[in-house]
Amino acid sequence: MNIYLGNLNYKVRENDLIGLLEQFGSVVGARVILDRETRRSRGFGFVEMENEDEARTAIEQLQEQEFMGRVLVVKEANDRPERQPRM
């Protein structure tokens with residue numbers, strides 16, 4: 001399951017997210033989204049967990065918890081919609 005984490009401290013990196021979520025189960029990977037031009041964090045990221053039950057537990061436990069000085073927004077990530085061709 002893919003998990004969205006928002007309101008991240010701009011200093012958070014992938015390893016920080018992996019460490020945070022590993023306490024709930026097996027983490028497949030993590031990604032902090034960066035601004036294309038400045039390469040700075042945009043304040044959100046995604047973590048993919050192997051087991052759906054562990055992922056749901058992580059979401060429930062971490063929602064509105066403080067991490068590195070910020071209150072997290074944690075939820076199941078929506079699938080990215082297909083881009084519509086420009087007319």
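The values are calculated or read from the model by the stated rules, or taken from the named source; none is laboratory data. Keep in mind that this is a model prediction, so the values were computed, not measured. Quick reminder, even Gly has a Cβ in these numbers, built from the backbone with ideal geometry, and neighbours come from all protein chains shown. Each accessible area value is taken on the protein alone, full model and side chains, heavy atoms only, with ligands, DNA and RNA left out. Shrake-Rupley method; radii C 1.70, N 1.55, O 1.52, S 1.80 Å.
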Anything in segment 24-52 that is touching a residue at least 24 places away in the same chain (Cβ under 8 Å) and over 11 Å from the mean Cα position of the chain (by Cα)? List them, or say none. Phe24, Gly25, Ser26, Arg40, Ser41, Glu50, Asn51, Glu52
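Examine segment 18-31 for a residue that is β-branched (Val, Ile, Thr) and touching a helix residue (DSSP H, G or I) at 6+ places or on another chain (Cβ under 6 Å), and state whether such a residue exists.
Yes, some residue in segment 18-31 is β-branched (Val, Ile, Thr) and touching a helix residue (DSSP H, G or I) at 6+ places or on another chain (Cβ under 6 Å).
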Cβ pairs under 8 Å, 6+ apart, first in segment 3-21 and open to solvent by 20 Å² or more (accessible area, probe 1.4 Å) and at pLDDT 95 or above, second polar (S, T, N, Q) and not in a loop (DSSP other than H, G, I, E, B): Tyr10/Ser41; Lys11/Ser41
Among residues of segment 35-63, those that are open to solvent by 40 Å² or more (accessible area, probe 1.4 Å), in contact with a strand residue (DSSP E or B) (Cβ under 6 Å, 6 or more places away or on another chain) and not polar (S, T, N, Q), counted: 6
